[in-house]
Amino acid sequence: MNEEALNVSVRKFLKKVGVTWQRDIEQAVRAAISGGKLKGSETLPARATLEIAGIGLAVEIEGAIELE
């Protein structure tokens, strides 16, 4: 195994995940505020799950998205 290739590949994947999820979350929050589902001052509980089937990895991370 090439450690450098693994490191670069993991970083690329995580960057893609981060950028994609951030855009999707921001769009969903804006839509919820526009639609009256949110006021814009809430703290929203959040959970993300990462799975890599080939190695049996499943990691769950919990946190919160603060709107104000």
For this session: Report whether or not Ala31 is under 25 Å from Glu60 (Cα atoms) and either charged (D, E, K, R) or not in a loop (DSSP other than H, G, I, E, B) (or both).
Result: no
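Condition check ((1) under 16 Å from the mean Cα position of the chain (by Cα); (2) part of a helix (DSSP H, G or I)) across all residues:
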| position | (1), (2) |
| --- | --- |
| Ala5 | no, yes |
| Val10 | yes, yes |
| Val19 | yes, yes |
| Asp24 | yes, yes |
| Thr49 | yes, no |
| Val59 | yes, no |
Exercise. Mind checking which pairs have a first residue in region 1-27 that is charged (D, E, K, R) and a second that is modelled with pLDDT of 95 or more and surrounded by 10 or more Cβ atoms within 10 Å (Cβ to Cβ), Cβ under 9 Å, 6 or more apart or different chains?
Worked result: none
Exercise. Is it the case that some residue within region 61-68 is in contact with a Lys or Arg (Cβ under 8 Å, 6 or more places away or on another chain) and loosely packed, with under 10 Cβ neighbours inside 10 Å?
Worked result: yes
For this session: Output the residues belonging to region 34-47 that are hydrophobic (A, V, I, L, M, F, W, C) and either part of a helix (DSSP H, G or I) or over 15 Å from the mean Cα position of the chain (by Cα) (or both).
Result: Leu38
Problem set entry | Subset of region 40-57 [without any contact (Cβ under 8 Å) to a residue 24 or more places away in the chain and farther than 17 Å from Trp21 by Cβ] | Ala53, Gly54, Ile55, Gly56, Leu57
Exercise. Within region 5-36, restricting attention to residues that are of a type outside the set (A, V, I, L, M, F, W, C) and more than 22 Å from Leu50 (Cα to Cα), which residue is surrounded by the most Cβ atoms within 10 Å (Cβ to Cβ)?
Worked result: Arg30
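The values are calculated or read from the model by the stated rules, or taken from the named source; none is laboratory data. Keep in mind that what you see is a predicted model, and the values were worked out from it rather than measured. Using ideal geometry, Cβ is built from the backbone for each residue, glycine included, and neighbour counts are taken over all protein chains shown.
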